[in-house]
Amino acid sequence: MTTPPSDFATAAPQPAAGIPVPAESGAGFDDAAFDALVAAFAGWSGSLPEWPPAQRVRGAWEQIEPRLDRARRELSRVLVVGVIGGTGTGKSTLVNALAAGTVTAAGDVARPTTTTPVVVVATDVDCSWLPLERMQARVVRSDSPAVANIVLVDCPDPDTQADAPEPAGGPPRPSDSNRNRDLLEAVVPACDVLLVVATAQKYRSWIMARELAAFAPGRPLFFVQTHASRDPDIRADWRRELEAQGFDVPRIFRLDAVEAARRSAAGLEPDEGFRELVTAIDEELVGRAARRVRRTGAVDLVDWLARQAGRELDPVRTAVADLAAGVGRERGRLETLLATAVASRLRASRSAWQRLVTDELVDRWHGGPFAMFLHVVAGIVGFWPRLRSAGGGFIGRLLAGQQPATAGDGTWQMVEELGLGEADVEQSRSVLSGLAARARIGPPLVGRARLDDAQVRSTVSALLERTAAWLAAGIDAIVAGRRGRVDSPVLRVVCEVAFTCLLVAVLVRAGWNFFFGRLWSGRPVEGLAFLEEALVWVILFGLFLRWLVFARLRMGLEGDIQALVARLPKARLVDPLLADFATAAERADRFVARGGELAREAAAARAGLADPAAGLGRLRGAAGS
Ligand SMILES: Nc1nc2c(ncn2[C@@H]2O[C@H](COP(=O)(O)OP(=O)(O)O)[C@@H](O)[C@H]2O)c(=O)[nH]1
Ligand SMILES: [Mg+2]
């Protein structure tokens, strides 16, 4: 799209208006990529319908979607050029001059004249595709070469319609004055390009600034100062004004439409300003250029949407990040409560631990006097029900190898043992509710701070299930590790040897007594008393050995518990309590991030377009505004 205008004019005979123009070759613009970008915007804008900022983005998307769709379908038809400007700036006069005849009523300076939009179409052009009914427009045919390949629309004045009949029974209401604006809003959507007319008196009018801001997105612009024979040249100042409003203004035309009409009627050559405008229309809006203009418009429109979305999302960007950070913080707080409670419960259940580790150890320890001793002790302890009780409760049951109750009727009481009370959870949730509100996130994206009964049931059950599964696995791992340390053959041999030594010592002592004391020295046999004493020693020594073994089991248990609890955050146990906030923060964050990505893509697509033709202005892209 770098074809300079002069080349363009000689490149091919101008196609008749309304006849499809052959596709541009080597345009350097990737239509498929642009369509994909448009589809991505469509998907993205509707991806978080529960979030008000995203809803507004969706609203903006719905505004531009029909235009994008039309631009795609009607890439080749002639361009519709809407002439807009303040009342009395000379729109109708300019349209008449371009149409080389009186096609629309021009009025006096002050009052709006054009109430019905006039659409000027070349005689041979089919204009059935124009939404004339919606535009409430009148079609006028013209043979003027200036409008041979475009459709020109004399748009309604935006100002108050002063000569509208006074409404019966009262002073004018504000809504009366809106009729023209409504009319304008019905007409401009059909326009691809806007020709903005201003005079030295009206170029600073805020009404025009407002109309322009509303209609300019996606519509390339011509700027024209009229009344050239009467007024000073305001172009430099007007350009500054427009640039301040965010427009690129490569060129402003300056002409006198009355003079142009006069010269045309007299068969004279048009003067310079008017000729320049006619040439620019021909070179920049017709044929291949029309395609380019329409494409530029579509890309600008998408870029406009991206910036519009940025405007919606910028104010909540930090709030969304704060919410995500807040979820992390509150999750950490609840996890600390849970970890503290779990650790102290685990520590308090020392005997349960020990039994868990030793029961199986003892079962597997066979073939030796000490093994026999251990079995006997285990048998005796087994008869003692109080020692077998694991103390009940959630963790007690887990340590006893039982499945704690998790499903069904979850209540806050069930998690109190885990250090999480209703008040703690509610505190976290109300902190997050506040952060969410600042990010404009509310129901149904997130629930209330206080969970209702059904929510308590489901979240508490989920929490208990997760905790039970995680703790059971953790306890199993600890037990396996502990057992591995004690279950070594060396330790067994040492214990068996030590125990056997004592037994042997007792037997040797008994033998000594009997053979040396009785037979040799003739002392009386010590008898049962000695055996009782020996048994006590054996038992005590056995218990001492057992204690040593179990102490070795216990040694490092504290460290194991600490390590287990330190891994608690990774298990994401408390997530169900704050899941709605976490999900909402993540979705909003993703929406914002994706919007940024798409905005960059849109800006790149815009940058990838060659500059619009020399005379056409446009609303500036993201970089400039
Ligand atoms: N001298 C001069 N008068 C103009 C020019 N354009 C419009 N007028 C006059 O300004 C008045 C309002 O013009 P009109 O076309 O009705 O303005 P509109 O309300 O924008 O359509 C008419 O009296 C025109 O004759 C111009 O370029 N030069
Ligand atoms: Mg008019």
Every listed condition ((1) assigned to a loop (DSSP other than H, G, I, E, B); (2) at pLDDT below 95; (3) in contact with a Lys or Arg (Cβ under 7 Å, 6 or more places away or on another chain)) holds for E241 save (1)
Looking across region 217-260 at residues that are surrounded by fewer than 22 Cβ atoms within 10 Å (Cβ to Cβ), of a type in the set (V, I, T) and under 48 Å from the mean Cα position of the chain (by Cα), the single one that is farthest from ligand 1 (Cβ to nearest atom) is V249
- request: Could you tell me whether any residue of region 109-129 is more than 10 Å from ligand 2 (Cβ to nearest atom), assigned to a loop (DSSP other than H, G, I, E, B) and under 38 Å from the mean Cα position of the chain (by Cα)?
  value: no
Result of the Cβ filter at 7 Å on region 585-607, keeping first residues that are without any contact (Cβ under 8 Å) to a residue 40 or more places away in the chain and partners that are part of a helix (DSSP H, G or I) and of a type outside the set (S, T, Y), at least 6 apart or interchain, is none
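Each row is one residue, and each column tells you yes or no for (1) more than 8 Å from ligand 1 (Cβ to nearest atom); (2) under 30 Å from F581 (Cβ atoms); (3) assigned by TED's automatic domain parsing to the domain that holds F223.
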| site | (1), (2), (3) |
| --- | --- |
| P49 | yes, yes, no |
| D69 | yes, no, no |
| L94 | no, no, yes |
| A99 | yes, no, yes |
| V103 | yes, no, yes |
Evaluate region 206-216: report whether one residue or more is more than 10 Å from G85 (Cβ to Cβ), within 15 Å of ligand 1 (Cβ to nearest atom) and part of a loop (DSSP other than H, G, I, E, B). no
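The values are calculated or read from the model by the stated rules, or taken from the named source; none is laboratory data. In this text the structure is predicted, and so the values were computed from the model without any measurement. Cβ sites come from the backbone with ideal geometry, for glycine too, and all protein chains shown count toward neighbours.
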